[in-house]
Every structure is written in C-alpha cells, then in structure tokens.
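Here the structure comes first, spelled out in structure tokens, and everything after it is commentary.
The values are calculated or read from the model by the stated rules, or taken from the named source; none is laboratory data. Remember, predicted model here, so these are calculated numbers, not experimental data. Don't worry about glycine lacking a Cβ; one is built from the backbone with ideal geometry, like all the others, and counts go over all protein chains shown.
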Amino acid sequence: MFCKNCAAMKKLSRHSFSTLTAAGLLLAVALGVGPAEAEKADRLKPMNVTFDQAGQTDVANNRTEMYGNVVMTQGTMVLRAEKADIRETPDGYYQAYASGTSAKQVTFHQARDTPGEFIEGSADQLEYDTRADTVRFVGNARVRHMRGTLVAHEVTGATIIYDKRTEVFALESGNSSPNPGGRSRLVLMPRAASAPEAPASTASAVPLQPSLTLQPRKPS
C-alpha cells in the first residue's frame with residue numbers, strides 16, 4: 001500500500017508537490033476501493049457558471065471574474081463559492097480559483113464512476129485544475145468519500161490536494177487546519193460499516209398459513 005501511494009504521488013503536478021514539500025507533507029492516502037475513479041467524462045464537458053452580483057471578462061488574458069453566490073458545474077461536478085476567478089490556459093484547459101466568506105466556505109461535489117458514490121469537500125479557498133485533474137482545498141479543509149449517505153473516508157487538514165485520476169489525497173498540516181495543534185487527520189471506516197445495509201429478508205414477513213393436511217389430535 002505504501003509503495004502504491006508513493007507512485008501515485010509522483011503523478012501530482014510539480015507545483016502542488018513542491019508546495020507540499022516546502023510546507024511539510026504529512027500524509028498521502030489512496031481511497032483503496034478498487035479501480036473506479038472520479039467521473040472521468042466530466043473533464044471533457046462544458047463548464048457552466050452562474051452568479052448573482054458582478055462579473056467581468058478579460059478577453060486579452062482569457063480571464064473571467066464573478067462575484068455573489070457563484071455556482072460552477074461541469075458534468076457531475078458542482079462548485080459553490082462567493083467569488084471565482086477562471087483562467088483559460090494556452091492549451092485550452094481551465095484553472096478556477098474560488099474563495100468563500102468567513103461564514104460560508106467553498107464547497108465541492110463530484111460523483112465517482114462507482115454508482116452511488118461521490119466526493120464532497122469544503123475549504124476557505126479552492127483551486128480546480130482541469131488539465132492536471134486536481135482539486136486543491138486550502139484553509140480548514142475537509143474532504144469526504146461518501147457511499148450514499150454514509151461516510152467511507154474523511155480527511156481534514158490545512159491543505160488537501162485531491163488527484164482525481166489516481167484518487168489519492170495529499171494532506172498538509174498548518175495553522176489553518178481545523179484540528180487541534182494544526183494537525184492533519186484521517187478517518188478510515190471499515191467497508192462493512194460504510195456499506196449500505198442489505199434489504200431485510202422477506203421470508204420472515206410471510207404470514208403463517210393453516211395446515212391443510214394435519215388433523216387435530218383426538219382427546220385420549
């Protein structure tokens with residue numbers, strides 16, 4: 001498992017990896033739930049953005065800024081923030097920088113290829129890179145792997161980088177961690193505990209039927 005995670009970490013972008021190394025990388029962990037990934041088709045779908053207040057587009061620099069209840073969607077991915085700055089790279093990909101408020105963090109939600117499973121997270125700021133296929137949660141970060149309504153895994157820390165291709169979480173501790181002492185935290189639920197309950201057997205629900213062959217016993 002350790003070697004698998006190390007190999008997966010090498011696939012993170014150079015910028016993300018160097019940032020974590022400089023600040024102190026504490027943990028990299030894979031979901032460990034088989035070959036399924038975050039919804040692979042999402043990164044090839046159009047990105048749609050709605051917002052309530054102001055917005056401006058800098059055509060020369062391929063940059064758009066939006067303010068007020070920003071909702072960004074791409075396939076099954078849904079990102080909600082108070083402010084978003086979206087930039088198009090020369091090769092046609094998008095990099096989104098989103099921030100929230102002191103009362104409301106940025107939130108992220110995306111389905112996995114496994115039916116009924118999804119990734120959800122929140123942080124003070126969020127960076128979404130469609131080229132590297134990574135999501136970087138910055139400041140009081142919390143990310144969960146959900147199976148229906150049940151939590152399968154949960155990670156918290158100052159910074160969390162989620163590589164959607166390898167499904168590896170890289171965690172960084174620091175002052176902006178929600179945990180005491182700025183530590184990172186990982187919770188792994190047993191698969192049996194996080195799996196949906198099997199439907200109850202209907203055999204016990206069948207009412208008893210009177211026997212048509214047995215005869216009442218005659219008194220002696």
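In summary, strands (runs of 3 or more DSSP E) completely within segment 63-106 and bearing 1 or more residues that are surrounded by 18 or more Cβ atoms within 10 Å (Cβ to Cβ) and touching a helix residue (DSSP H, G or I) at 6+ places or on another chain (Cβ under 9 Å) occur at 63-74, 77-88. Of all the listed residues (Thr159, Thr114), the sole one being among the hydroxyl-bearing types (Ser, Thr, Tyr) and surrounded by fewer than 19 Cβ atoms within 10 Å (Cβ to Cβ) is Thr114. Among the residues making up segment 97-123, those that are at pLDDT 95 or above and over 27 Å from Thr149 (Cβ atoms) are Tyr97, Ser99. The set of residues in segment 180-220 being at pLDDT 75 or above and within 19 Å of the chain's Cα centre (by Cα) consists of Ser184, Arg185, Leu186, Val187, Leu188, Met189, Pro190. Selection over segment 143-156 of residues that are surrounded by fewer than 21 Cβ atoms within 10 Å (Cβ to Cβ) and over 10 Å from the mean Cα position of the chain (by Cα) gives a count of 5.
The criterion of being more than 25 Å from Glu172 (Cβ to Cβ), touching a residue at least 60 places away in the same chain (Cβ under 8 Å) and either not aromatic (Phe, Trp, Tyr) or not in a loop (DSSP other than H, G, I, E, B) (or both) holds for Asp42. Being buried (at least 16 other Cβ atoms within 10 Å of the Cβ), modelled with pLDDT of 90 or more and either in contact with a Lys or Arg (Cβ under 7 Å, 6 or more places away or on another chain) or assigned to a strand (DSSP E or B) (or both) holds for only one residue in Val29, Val135, and it is Val135. The one condition from (1) within 21 Å of Met66 (Cα to Cα); (2) in contact with a strand residue (DSSP E or B) (Cβ under 6 Å, 6 or more places away or on another chain); (3) of a type in the set (Ser, Thr, Tyr) that Thr89 does not meet is (2).
Residues in segment 147-173 that are in a loop (DSSP other than H, G, I, E, B) and either basic (Lys, Arg) or in contact with a Ser or Thr (Cβ under 7 Å, 6 or more places away or on another chain) (or both): Lys164, Arg165, Ser173.
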